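Have a look at the structure below before the remarks.
What follows draws every value from the coordinates through simple rules; no lab data is involved. What you see is a predicted model; the values in this text were computed from it and never measured. Backbone-built Cβ (ideal geometry, glycine too); neighbour counts: all protein chains shown.
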Ligand SMILES: Cc1cc2nc3c(=O)[nH]c(=O)nc-3n(C[C@H](O)[C@H](O)[C@H](O)COP(=O)(O)O)c2cc1C
Ligand code: SF4
Ligand code: FES
């Protein structure tokens with residue numbers, strides 16, 4: 001067969017391209033002079049694939065894969081600017097614009113914002129996708145070297161990579177989950193000089209105005225920019241590995257009911273992870289509460305099967321009986337109440353759990369009787 | 001009869017706490033057959049020939065997955081049983097684990113032989129903590145009886161996150177990371193847990209393995225339809241007389257399941273596969289249940305004529321909004337925008353424009369999201385717009401009337 005001796009080829013936007021094994025679509029396209037927009041991507045660092053601006057159409061694929069992380073393979077037919085790609089890319093940019101609080105209109109630095117530029121390149125007009133309560137955080141000016149205005153953050157995570165892999169620190173991480181996701185430092189406290197000094201590397205990598213040099217501070221001298229070199233930390237021998245983190249956190253919760261900042265620092269020390277990373281992991285999971293030391297946790301389901309069976313009236317009755325709202329704790333500290341996702345007891349809907357025990361086929365009048373057994 | 005017990009063969013028959021009772025029912029004979037008379041390739045081949053597909057939602061060929069992991073060279077391989085069961089309306093894995101933990105362990109032991117895994121995990125959702133000891137004890141007993149000399153199994157408990165049922169998020173969670181999805185490729189059978197070849201299978205998928213090894217691939221593939229072999233375990237809830245777990249041959253009709261067995265009446269719609277599942281109108285009750293049509297995790301929620309479809313989709317979106325990992329833009333911010341529209345619709349503040357925006361948003365999310373959550377989140381939205389569009393337009397029209405009246409200083413109640 002001739003084929004085996006041929007160079008690997010694929011087609012991007014009608015052009016035949018050659019590539020080496022393991023190359024991504026993005027790398028190959030750039031080599032061929034075809035530009036694909038990116039935001040979260042950092043050259044010479046492993047891709048994270050979070051922003052989805054670089055999506056392209058690959059013939060035969062159900063979805064639009066990200067060019068920055070998808071390996072190009074023999075015979076692939078790729079379109080980087082088809083109408084489908086452009087429409088979806090525009091949608092992604094619109095969502096980013098809607099989800100952050102940017103006052104770009106009167107911001108003199110707007111031209112240096114990559115999102116802003118991307119929006120004008122893709123002719124994004126008035127947003128179709130409205131978000132009334134975009135992510136908003138007060139500006140932080142505690143740190144004389146880095147000013148954080150996280151309302152402008154688009155969660156591209158470049159600062160985390162820059163801090164960890166270029167600066168060799170591990171100050172920032174991502175906390176919470178879903179729409180509430182946020183770039184955090186420590187236990188989501190403001191960035192202080194205790195951890196963060198004047199390397200300023202994260203600022204250079206922030207595509208928006210979320211991280212900046214405070215006005216009285218000059219840009220970092222270029223000598224400090226050690227772009228592209230990766231510092232890898234080795235865990236010291238004898239410490240519990242990262243894999244122990246979740247079990248350790250769960251143990252703490254079953255001991256003391258919740259995870260205080262102190263506990264998290266303790267666990268971070270044990271596992272040799274940074275505090276921000278420990279906080280980042282724990283704030284992701286619903287069963288690792290950070291406050292509310294209570295004896296009995298009531299978790300009641302609010303998903304469709306329970307909702308069909310008058311789950312809402314059971315929740316109302318619980319609230320009345322306990323005198324608290326979801327998220328609250330009774331004044332004697334005996335019960336906490338949470339409204340949660342499906343607990344897998346839909347055959348006994350509506351259902352709730354008190355600690356580990358499931359109570360099914362609930363009705364408002366059964367509540368007080370159940371609570372009395374605690 | 002459409003009902004047939006393969007995955008549930010021991011449920012209610014054996015004592016889940018007693019390995020002797022399991023063995024008396026023929027337990028571990030399949031494992032011994034595989035261990036003593038078959039080579040790893042032969043086991044994989046048998047599973048491939050059986051046509052067994054994943055029961056966790058995606059329906060990928062189990063044998064092909066195993067083959068991929070089996071062929072990947074590595075000094076260490078992992079096997080994970082996905083017992084995260086977070087999909088709304090799904091409780092079949094809970095039922096299986098409660099009644100037949102040894103059946104699962106036998107399936108895992110065979111899978112371990114086939115791919116050469118030395119370490120196995122059962123990823124158990126935190127909500128099922130009550131099953132932790134039952135499973136751990138069953139592992140200890142199986143080890144003591146000499147069935148696990150090739151592989152260790154550990155129960156790893158989740159901490160409350162639906163997304164950790166997604167295979168790459170699940171692996172991140174075991175590794176002590178945030179349960180965020182990873183981009184694919186690389187696929188787990190090539191590069192999974194700690195970068196090693198890893199097989200992840202749903203509880204029910206693994207329950208079929210001992211049956212296939214014991215009775216042969218042909219006995220299994222004789223049941224079912226073209227692409228869907230064997231049986232499927234369904235979790236039925238909602239407006240039915242007899243909610244519960246039912247095992248039917250693949251290709252059985254929705255009618256047999258929800259009307260004949262579960263006793264539903266006056267059906268308006270049915271959602272199949274959880275919060276990201278298809279919504280079918282009642283008139284499609286003759287739809288066969290298989291990978292060719294719709295199946296997902298086998299969650300079947302029935303809605304009677306009194307139900308409001310927009311309310312149901314709103315509830316689906318609230319769930320997905322809460323459970324999105326937040327890693328990628330389209331799912332994280334798209335679900336916020338979607339939630340906002342539904343919040344408005346059900347409050348009687350919808351506008352005509354909302355329908356078009358929902359459709360455009362659905363397109364962005366389904367095409368650009370990183371994982372199955374964001375990609376499938378628009379499914380109930382699009383299905384309800386297809387089959388129950390008038391419920392949306394009526395709601396919006398009524399809202400417009402109300403706005404008009406209130407603007408004139410009149411008060412109305414709907
Ligand atoms: C958001 C999401 C949640 C999932 N949850 C589960 C789950 O709870 N249990 C499960 O077995 N599979 C779940 N899956 C499917 C898994 O990713 C994976 O396909 C499955 O565990 C593979 O096993 P199987 O081939 O035996 O089905 C989920 C997928 C997605 C996208
Ligand atoms: S689709 Fe949703 S759940 Fe999946 S990676 Fe993106 S944000 Fe996370
Ligand atoms: S650049 Fe590829 S997902 Fe952000």
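Points to keep in mind about this one:
- With contributions of -39500 (n - 2.57) from each DSSP H run of at least four residues, the per-residue ellipticity at 222 nm computed over chain A stands at -7000 deg cm²/dmol.
- In Å, descending, principal axis extents of the Cα set of segment A:9-156: 52, 35, 25
- Kirkwood Rh and Cα Rg combined as Rg/Rh, the protein assembly as shown: 0.96
- Stretch gain in nm, segment residue B:74-residue B:343, where the contour uses 0.36 nm per residue and the Cα spacing is subtracted: 91.8 nm
- Cα-based Rg of chain B normalised by 2.2 N^0.38 Å, two decimals: 1.04
- Here the spin labels are modelled as points 7 Å beyond Cα on the Cα-Cβ line, and at residue B:260 and residue B:242 they lie 1.2 nm apart.
- Put a dot 7 Å past the Cα of residue A:355, heading toward its Cβ, do the same for residue B:60, and the two dots end up 4.0 nm apart.
- On Cα atoms only, tilt of B:132-144 relative to the major axis of chain B in degrees: 20 degrees
- At an R0 of 56 angstrom, the distance between the Cβ atoms of residue B:184 and residue B:405 translates into a FRET efficiency of 0.60.
- Highest-MSF residue in chain A out of A:255, A:41, A:69 [GNM, Cα springs under 10 Å]: A:255
- By the beta-carbon count within 10 Å of each Cβ, the least crowded to most crowded order of A:253, A:267, fewest first, is A:253, A:267.
- Acute angle (nearest 10 degrees) that the helix A:311-322 long axis makes with the longest principal axis of chain A, alpha-carbon atoms: 60 degrees
- Values of log10 I(q)/I(0), in the order q = 0.09, 0.13 Å⁻¹, for segment B:1-115 under a Debye, Cα-only, solvent-free model: -0.27, -0.58
- Taking each residue as 0.36 nm, the span from residue A:293 to residue A:190 lengthens on full extension beyond its C-alpha to C-alpha distance by 34.6 nm.
- Per-residue Cβ neighbour rank within 10 angstrom, fewest leading, B:136, B:149: B:149, B:136
- Euclidean distance of C-alpha centroids, segment B:144-212 and segment A:101-141, integer Å: 40 Å
- Estimated from helices alone, the mean residue ellipticity of chain B at 222 nm is -13500 deg cm²/dmol (sum of -39500 (n - 2.57) over DSSP H runs with n ≥ 4, per residue).
- Ranked by how many other beta carbons lie within 10 Å on average, peptides A:162-171, B:9-18 from highest: A:162-171, B:9-18
- Within 10 Å of the Cβ of each residue in B:171-178, the mean number of Cβ atoms contributed by other protein chains is 6.
- Segment B:30-52 residues near the modelled residue B:149 label - backbone nitrogen below 17 Å, point 7 Å along Cα→Cβ: B:30-40
- As a rough guide to protection, the peptides A:297-308, B:356-367, B:167-178 ranked by mean Cβ packing within 10 Å, highest first, stand as A:297-308, B:167-178, B:356-367.
- Relative contact order (%) - segment B:309-407, alpha-carbon pairs under 8 angstrom, separation at least six: 34 percent
- Peptide B:122-128 - average C-beta neighbours from other chains (10 Å radius): 4
- Between segment A:319-349 and segment B:1-58, the Cα center-to-center distance that results, in Å: 40 Å
- Bridges between two residues of the protein assembly as shown, per DSSP, are antiparallel at a rate of about 60%.
- Likely footprinting exposure, B:285, B:213, fewest C-beta neighbours within 10 Å first: B:285, B:213
- Degrees, to the nearest 10: B:203-215 long Cα axis against longest axis of chain B: 40 degrees
- Alpha carbon centroid spacing (whole Å) that separates segment A:52-90 from segment A:281-302: 40 Å
- Shielding of peptide B:314-327 by partners, expressed as the average count of other chain Cβ atoms within 10 Å per residue Cβ, is 5.
- Share antiparallel - DSSP beta bridges, segment A:296-372, percent rounded to 5: 55 percent
- The C-alpha radius of gyration of segment B:231-304, expressed as a fraction of 2.2 N^0.38 Å, stands at 0.92.
- The value obtained for segment B:309-407, namely the Cα convex hull volume divided by the number of residues, is 82 Å³ per residue.
- Segments B:325-338, A:19-32 sorted - mean Cβ within 10 Å per residue, highest first: B:325-338, A:19-32
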